[in-house]
Amino acid sequence: MKCRIRVPKGLKNAFNGKFVAPLIGALIFGNSLASNLRIHNET
């Protein structure tokens, strides 16, 4: 029994955009925050 949900391409792209963009933003924000903390700790 194959149970596959067919997702329209536009919906899939919107779903990816909704979750990928904040994820990338959070990663960049976290990296900059971590590097700032590291710089403050070293000095």
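The values are calculated or read from the model by the stated rules, or taken from the named source; none is laboratory data. Model, not experiment: these values are computed from the prediction. Heads up, the Cβs are rebuilt from the backbone with ideal geometry, glycines too, and the neighbour counts pull from every protein chain shown.
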Per the list (1) surrounded by 10 or more Cβ atoms within 10 Å (Cβ to Cβ); (2) at pLDDT below 75, residue check on ALA21 breaks on (2)
Which of the residues spanning the stretch 1-12 are modelled with pLDDT of 75 or more and either of a type in the set (A, V, I, L, M, F, W, C) or under 14 Å from the mean Cα position of the chain (by Cα) (or both)? LEU11
Close pairs (8 angstrom Cβ cut-off, 6 or more residues apart or separate chains): touching a residue at least 60 places away in the same chain (Cβ under 8 Å) in the stretch 7-23, of a type outside the set (Lys, Arg) anywhere: none
